[in-house]
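Report on the structure given below.
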Amino acid sequence: MLPLGAQGVSEELVCKEHQHFQSQLSRRNNSGVKHGYLIDYNRCKWWVNPIKGAYFKGDVMAHFTVIANTDSVGFDLSSNLQVDGVYGKDGQSLNYRRTGNQLYVFKPGGGLAQARDSVGIVYQGNPTNGGGFGYFVHDNHMKGPVVHTLSEPYGAQYWWPCKQSLHDKIDSLDVWVYTDTSMRAASNGLMVRNEVLSDTQRLMVWQHRYPIATYLVAIAVTNYSIYTQYAPLVGRTRPLPVLNYVFPQFRTDAERETKDVLPMIRLLDSLFVPYPFEKEKYGHAQFTWGGGMEHQTMSFMVNFSYDLMAHELAHQWFGDMVTCGTWQDLWLNEGFATYLTVMTTEYLRSKEDANGKLRGMRSNICGTDDGSVFPKDTLNVGNLFNGRLTYNKGAWVLHMLRDKLGDSMFFEGCRLYLKGKNTSYGFAKTADLQWYMEKASGLNLDTFFQQWYYGEGFPYLKINWKQKGNTVTLTCEQTPSHSSVPYWHVRVPLLMKGEGKEKLVLWEPKKLLGEMKTSVDFEVDTLIFDPYVKLLAKASVGGMNLNRVQENAFVLYPNPTSGVFVLYARNPSTIQIEVFDAVGQKVREIDTGATVTKQLAVSLGGLSAGPYFLRINDGNFVYSYKLIKY
């Protein structure tokens, strides 16, 4: 490997370096690979000066292996960009044809199957954003102009000639950026050259020697302030360098905030597999888009908030090392990154904070009755990157899978997935994750993935309980929120509490209206649905202890209530009810004007959620009860 630093690097040495690494990297053959070749290596030379605007010049060479005999090879390149010439490995000019956003290069004699070849493309222009999240952006961060790229999902072709594919990764990459002397360029891999060529031009060269999906290739250029921190890793003497390119006005705050990523790296490195790009680096480059993007080895960040850093770091394993094999499998990237953000909070902060995140995500998911993790329209970027479904519901699917398998088998399944023969540094589909989780656990997960990945919505659960003697009878009425899943096979966690004791019941009803009985050795006064936040569902809970009906003049049911409760009377009587809020103000008076024989339904409609106190006067005594409205 060429040394890190500002030493000069000749293009001849770069090619030799590439050949050395190429012999160590296996190419992933796939019958679905497009364009007629497997991409081995890209050498990308780009001229960009944010001070002068977004105008862009490039010279991109692709080394590849031809799949089958062909007269041409194809590249994706926006028709908005001007091609100045195309050349072969010996420098000779080649004929080419442009059709829309496709460029086809013809070689004398054509290409033979399994032959190694190369094509260079010289081009220039003003790249368009092309939709998405802004594929090539010229902006200003108040202390200077900036150019940055963000190619996910379909944007690489809008700024460089490439093989835009989720079938084939670039095995090796060199990025040369020519810019103004006041600028610095951030990119993938290791920076091996930083040289001022003249009074007005700087060259920075980055080398990346791991397979990389096309959409993860990126550059960002501005007047960065640069510093390095180090993450010590378990069992290794060399800490991982974490390189930070930040806007100069945010340097002080950034140095404090980015320290939080160091224990995150150590955590994920220990839980899953070693950091996937350990021989190079991890890092951040600040940009002006409102979020973050997991560019391989250097995430682009709008800021350095805890959750954003955790999310983009997690992508280095789930999204970069193993990349979704189709955009319909995008949740394998985003669901994992979102869930690992929760796990980072769980392990490094508190379980309570992690559960708070899960509850918030569950509330968001259950705010609408339909929607599957499986996206039906991958061409609609907004639909594809759906926060409620691809991110939050995807994360909840993994959370429930972890609960179903247990930590040991869940993490083993993740490690198998990351180390798989075809998935490691390659691509994966949902079926691959299922296969590895089944291999780790020995379980058949067809039903789980069918309902939670393809199925829309979630279950509504109406849970009731009653205790008589030492027996508690539970009923669960399930209503699927969407017809795509007629019945949800779920395990319902219920916690019974009373007299300072508690009992957890994990119950999987077998039909839409289920009933079960369980024994307890205490008087139950409260039943809590999903106390440890394990199930994606909406639930209401009501119940009563029949043992206490004989002791109390009145019993309220359900409590808590959504608005209507039933008052059970031990003895028939004519009563008056007054309702007081938490600060003691009377908010309602209910004069029944009738004799309560067994039960009376009373509505709290119109009152906001919260605690209330009921005062019941039967003419002889005044009784007080606490009631919760949700």
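Where a number appears in this text, it was derived from the coordinates with a stated rule and is not lab data. This structure is a prediction, so every number in the text was calculated from the model and none was measured. A quick note on method: Cβ atoms are made from the backbone with ideal geometry, for glycine too, and the neighbour counts reach across all protein chains shown.
Okay, here's what the table says:
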{"read-out": "Dipole-positive endmost among Val381, Tyr436, Cys366 within the stretch 323-454 (Cβ charges, Cα centre)", "value": "Tyr436"}
{"read-out": "Largest-first principal axis extents, alpha carbons of the stretch 81-148, Å", "value": "53, 24, 23"}
{"read-out": "Only Lys, Arg (+1) and Asp, Glu (-1) charged, at Cβ; the chain dipole about Cα centre in debye", "value": "640 debye"}
{"read-out": "Full-extension gain in nm, Gln124 to Thr181, via 0.36 nm per residue minus C-alpha separation", "value": "18.4 nm"}
{"read-out": "Among (i) 48.8; (ii) 37.3; (iii) 33.9, the entry derived from the coordinates for mean projected area of the Cα convex hull in nm²", "value": "(iii)"}
{"read-out": "The stretch 319-398 - convex hull of alpha carbons, volume per residue in Å³", "value": "86 Å³"}
{"read-out": "Peptides 492-505, 305-318, 531-544 ordered by average Cβ neighbours within 10 Å, highest first", "value": "305-318, 531-544, 492-505"}
{"read-out": "Computed E for Met142/Arg236 - FRET, C-beta separation, R0 41 angstrom, nearest 0.05", "value": "0.55"}
{"read-out": "Estimated FRET transfer efficiency (Glu523, Trp289; beta-carbon r; R0 45 Å; 0.05)", "value": "0.20"}
{"read-out": "Globularity ratio of the stretch 415-547, using Cα Rg and 2.2 N^0.38 Å", "value": "1.33"}
{"read-out": "Average Cα contact separation per residue, the stretch 191-249, under 8 Å, 6 or more apart, as relative contact order %", "value": "23 percent"}
{"read-out": "Residues in the stretch 68-102 that a label on Ala115 would reach, taking backbone N under 17 Å of a point 7 Å out along Cα→Cβ", "value": "68-74, 87-96"}
{"read-out": "Ranked Arg184, Arg256, criterion: other C-beta atoms within 10 Å, fewest first", "value": "Arg256, Arg184"}
{"read-out": "Mean separation of Cα contacts under 8 Å (6+ apart) over length of the stretch 34-73, as relative contact order %", "value": "53 percent"}
{"read-out": "Mean Cβ count within 10 Å, highest first, over the residues of peptides 462-472, 81-91, 282-292", "value": "282-292, 462-472, 81-91"}
{"read-out": "Value of relative contact order over the chain, rounded to a whole percent, pairs C-alpha under 8 Å and six or more apart", "value": "8 percent"}
{"read-out": "Between the stretch 147-194 and the stretch 447-465, the alpha-carbon center distance in angstrom", "value": "42 Å"}
{"read-out": "Potential extension, Ala431-Asn95 segment - 0.36 nm per residue separation minus Cα distance", "value": "116.7 nm"}
{"read-out": "Ranked Met516, Met293, Met298, Met142, criterion: other C-beta atoms within 10 Å, fewest first", "value": "Met142, Met516, Met293, Met298"}
{"read-out": "Sorted peptide list for 227-240, 163-176, criterion being average Cβ within 10 angstrom, highest first", "value": "163-176, 227-240"}
{"read-out": "Ranked Val555, Val622, Val322, criterion: other C-beta atoms within 10 Å, fewest first", "value": "Val622, Val555, Val322"}
{"read-out": "Inter-probe distance in nm under a simple model that places probes 7 Å from Cα toward Cβ, at Lys439 and Lys503", "value": "4.2 nm"}
{"read-out": "Acute angle (nearest 10 degrees) that the helix 407-419 long axis makes with the longest principal axis of the chain, alpha-carbon atoms", "value": "20 degrees"}
{"read-out": "Within the stretch 276-309: backbone nitrogen closer than 16 Å to the Lys259 label point (7 Å, Cα to C-beta)", "value": "304-306"}
{"read-out": "Dipole of the stretch 458-551, positive direction: furthest Cα of His489, Leu474, Val520, with charges on the beta-carbon", "value": "His489"}
{"read-out": "Pairs from Lys501/Lys629; Lys468/Lys497; Lys429/Lys510; Lys52/Lys143; Lys468/Lys586; Lys351/Lys439 whose Cα-Cα separation, in the structure shown, is over 23 Å", "value": "Lys501/Lys629; Lys429/Lys510; Lys468/Lys586; Lys351/Lys439"}
